[in-house]
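The values are calculated or read from the model by the stated rules, or taken from the named source; none is laboratory data. Everything numeric in this text was worked out from a predicted model, so none of it was measured. Don't worry about glycine lacking a Cβ; one is built from the backbone with ideal geometry, like all the others, and counts go over all protein chains shown. The protein model used for the area step is the full one, side chains on, heavy atoms only, and it has no ligands, DNA or RNA in it. Shrake-Rupley method; radii C 1.70, N 1.55, O 1.52, S 1.80 Å.
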Amino acid sequence: MKKKIIISLAVVVIIVVCCSLFLCGKGKHEISYDTAVVGVSNISNSVTATGTIEPVTSVDVGTQVSGIVDKIYVDYNTVVKKGQVIAELDKTNLISELNIAKANLSDATSNLRYQQANYKRYNALYKKGLISADDYENALLSYRQAQDAVRQQKESVQKAQTNLGYATITSPIDGVVLSKEVEEGQTVAASFETPTLFTIARDLTDMRVIADVDEADIGDVKEGERVSFTVDAYPDDTFSGTVTQVRQEATTTNNVVTYEVVISAPNKDLKLKPGLTANVTIYTLEKSNVLSVPNKALRFTPTKELIGDAVIKDCKGSKKVWTFSNNVFEAHPVTVGISDGINTELLGGIKKGAKIITEIKVGMGNGGNAVPPSEASMQESSPFAPKGPGQNKKK
């Protein structure tokens, strides 16, 4: 019985040892390298914002007189010409005011003629010494007051005529009616402020975007920079424009400071409508066809723990890229320019077409799983990690 137990235990030990040797044999590291070729690409930096589309020129048409809207000759989207009559107010009271002013002017004119004739008589008598100076001066004063009254009544007539003209509403520009705020029969009061009757846009083929740019990004935004934007109405279309103005006035909303940036938005096909929300990308820096490398190539540094018996040939320099040839990792100091977060411009240090290392990948031999470099490094340094054949021997 004991003999059978001993034999069974021996068989188990042999199986465990064989499995351990087999698994350790599979655990041998295999090193692979990700590479990139130094090539030409386009690099750009951008700022994102949201804005509202609006016409470049729009005019709110109102009235300076109060009254009842008598006639309206236009509607939404009506194309109008400068000087075209678009509405009329009821003119009954305004015509009455004009007639009263004209009557007052006529009365003042008659009085002026009388005072003028009276003054001439008194002037002649005064020269002959037949009346006192006081009588002469009173006649002169009355004559001058009559002249002033005529001038005043003329101004009243002019004002009444002007107000009557205001009752006829005309378009101040060539354009399209965007909004109509009144209907026929409605009363408008212009006592304290001018009421808006219509809004007319000059040219809907020439639009603009007013974008709100965050204070952290506004320093990079300049006039003339290229812009692309999208609107929810046409999610598959990308529209283009140019920064035409960076406004200096700041707007604070919920402790967030933004600045308005005006962007041109050509609209020949009339897809863009006033009031649409635009998702804007402003390209603050762009370079085309520049030599560049992936950013991770600049972050790569080989270590002895990962490369085994390969030779490291380092160099001085804050920025460098690495090549691998004949079992040698060689560093090349480079001068860099702008970066877009993925690629970085190279200003010098390595030639176009060079193959550089971007990353080391550590795999397991005989079909084992790949191990990232960080985990492989930990595995190599950990005393509890499994070791390959021969690594358990004492030196």
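In the set (1) touching a residue at least 24 places away in the same chain (Cβ under 8 Å); (2) part of a strand (DSSP E or B); (3) open to solvent by 40 Å² or more (accessible area, probe 1.4 Å), residue 270 fails one condition alone, (2). Annotation: of all residues in the stretch 313-340 being open to solvent by 60 Å² or more (accessible area, probe 1.4 Å) and either in a strand (DSSP E or B) or of a type in the set (Gly, Ala, Ser) (or both), the one that is nearest to residue 283 (Cα to Cα) is 335. Among the strands (runs of 3 or more DSSP E) confined to the stretch 37-123, there are none with at least 2 residues that are among the basic types (Lys, Arg), surrounded by 13 or more Cβ atoms within 10 Å (Cβ to Cβ) and touching a Cys at 6+ places or on another chain (Cβ under 9 Å). Scanning the stretch 215-258 for residues that are assigned to a loop (DSSP other than H, G, I, E, B) and free of Cβ contacts under 8 Å to residues at least 60 places away in the same chain yields a total of 9.
With respect to being over 30 Å from residue 331 (Cβ atoms), surrounded by 13 or more Cβ atoms within 10 Å (Cβ to Cβ) and either in contact with a Cys (Cβ under 8 Å, 6 or more places away or on another chain) or acidic (Asp, Glu) (or both), residue 249 falls outside the description. For the stretch 148-159, which positions are polar (S, T, N, Q) and loosely packed, with under 14 Cβ neighbours inside 10 Å? Within the stretch 148-159, 152, 158 qualify. Across the stretch 177-205, the number of residues qualifying as open to solvent by less than 70 Å² (accessible area, probe 1.4 Å) and part of a strand (DSSP E or B) comes to 11. Considering only the stretch 125-138, I want to know if a residue exists there that is part of a helix (DSSP H, G or I) and either open to solvent by less than 60 Å² (accessible area, probe 1.4 Å) or under 30 Å from residue 268 (Cα atoms) (or both). Within the stretch 125-138 (the criterion being part of a helix (DSSP H, G or I) and either open to solvent by less than 60 Å² (accessible area, probe 1.4 Å) or under 30 Å from residue 268 (Cα atoms) (or both)), the answer is yes, since at least one residue qualifies.
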